[in-house]
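Everything on this sheet refers to the single structure shown next.
The values are calculated or read from the model by the stated rules, or taken from the named source; none is laboratory data. All values derive from a computational prediction rather than experimental measurement. Here the Cβ positions follow ideal geometry from the backbone for every residue, glycine too, while neighbour counts run over all protein chains shown. Accessible surface is based on the protein model in full, side chains and every heavy atom, while ligands, DNA and RNA are left aside. Shrake-Rupley method; radii C 1.70, N 1.55, O 1.52, S 1.80 Å.
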Amino acid sequence: RSFEFSRLGIPRRTYTQGHLEYVADIVARVKSKASENMGYRVTYMPETMGHFFVRFAPVAG
């Protein structure tokens, strides 16, 4: 099984400590259920700014 990684960019002076703690909690929850996640496939990606408007569907296990 191949893996793709994501970068989490955080703008300075935009988010509070509470925001970042919430994101950390969600990332930990996703990681704890990683074995249940079969992945996602791209169903739609426009040519312009595709990374903002891409759509995914779960990969059937």
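Give the long-range amide H neighbours of Tyr40: residues separated by 5 or more places, or on another chain, with amide H under 5 Å away, using H modelled in the peptide plane at 1.01 Å from N.
Val59
Under a 1.4 Å probe, what is the accessible area of the chain per residue, stated in Å²?
103 Å²
Please give the charge dipole size of the chain, origin at the Cα centre, charges +1 on K and R Cβ atoms and -1 on D and E Cβ atoms. Round to the nearest 20 debye.
So the magnitude is around 80 debye.
So which chymotrypsin sites (Phe, Trp or Tyr not before Pro) in the chain are both in a DSSP loop and have at most 11 other Cβ atoms within 10 Å of their Cβ?
Answer by residue number: Phe3, Phe5.
With a 1.4 Å probe and all protein chains kept in place, how much accessible area does His19 have, in Å² rounded to the nearest 10?
90 Å²
Looking at the chain, identify the longest residue range that excludes and avoids all trypsin sites (Lys or Arg not before Pro) in DSSP loops having at most 14 other Cβ atoms within 10 Å.
34-61
Mind checking the angle between helix 17-32 and the chain's longest principal axis? C-alpha axes, 0 to 90 degrees, to the nearest 10.
30 degrees
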